[in-house]
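Enquirer: Can you keep this structure in mind? I'll have questions shortly.
The values are calculated or read from the model by the stated rules, or taken from the named source; none is laboratory data. Just so it is clear, the model here is predicted, and its values are computed rather than measured. Cβ atoms come from the backbone with ideal geometry, glycine included; neighbour counts cover every protein chain shown.
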Amino acid sequence: MLSGLTKFILGFFLAIAVLIGGGAAIALYFMNRTGIPPAKPVYSNDSPSVKAQAPKATEPGSKSTLTPETKAESSPSSTSTPTESPKATPSPKALPSGAYRGRVNWAEGLSLRSQPNQQAEKIGGVGFNQKIIILEESADKGWQKIRLEGSEQEGWVKAGNTEKVDEQ
């Protein structure tokens, strides 16, 4: 009688332990799955500074995907005149007074807005580590007006998501 009661108690505790352990394992699995944020989608209007690349040359024997316009652009003209070899890249334009160079240090990138507030229209985006020129700060120091380096696009981003870089 005692061995039957002992088996019942041990079996009961073993069943409870298996249920608790299995529940904890399932909970940890789902918590880890939901703890990883998905990759940020990239839309065509997020990075207006990125230009579309020209189509690559195709292998011999395959059909060409070039349009008549791109064929004219890509093929050398027989009546072209010789041009000078390219010179060293010109020095960057002088910065406006009070402006400085920086980069985006927010890992997800930033939304470029038309006005310094959350409700303003989004006019583009700035990627992580992208070089920018900080032109000015809003009166409340909560927003910064920036220009994308190598572009004329300007807009406002939330302050504290950029850092100044040393000019060399």
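Enquirer: Just one of the numbered conditions (1) assigned to a loop (DSSP other than H, G, I, E, B); (2) at pLDDT below 50; (3) basic (Lys, Arg) is not true of residue 40; which one?
Expert: In the conditions (1) assigned to a loop (DSSP other than H, G, I, E, B); (2) at pLDDT below 50; (3) basic (Lys, Arg), residue 40 misses (2) alone.
Enquirer: Give the residue that is farthest from residue 43 (Cα to Cα), with candidates limited to residues of region 113-132 that are part of a strand (DSSP E or B) and not aliphatic (A, V, I, L, M).
Expert: From region 113-132, those part of a strand (DSSP E or B) are 113, 122-126, 131-132; that's our starting set.
Filter once more, so that each one left must be not aliphatic (A, V, I, L, M): 113, 122, 124-125, 131.
Details: 113: 16, 122: 13, 124: 10, 125: 10, 131: 20 Å.
Result: 131.
Enquirer: A follow-up question, please. Considering only region 133-168, state which residues are farther than 20 Å from residue 94 by Cβ, in a loop (DSSP other than H, G, I, E, B) and within 19 Å of the chain's Cα centre (by Cα).
Expert: Result: 159, 160, 161.
Enquirer: Can residue 64 be described as modelled with pLDDT under 50, of a type outside the set (A, V, I, L, M), over 26 Å from residue 151 (Cα atoms) and surrounded by 10 or more Cβ atoms within 10 Å (Cβ to Cβ)? First the steps, then the outcome.
Expert: Details: modelled with pLDDT under 50: yes; of a type outside the set (A, V, I, L, M): yes; over 26 Å from residue 151 (Cα atoms): yes; surrounded by 10 or more Cβ atoms within 10 Å (Cβ to Cβ): yes.
Here the answer is yes, as residue 64 does meet what is asked.
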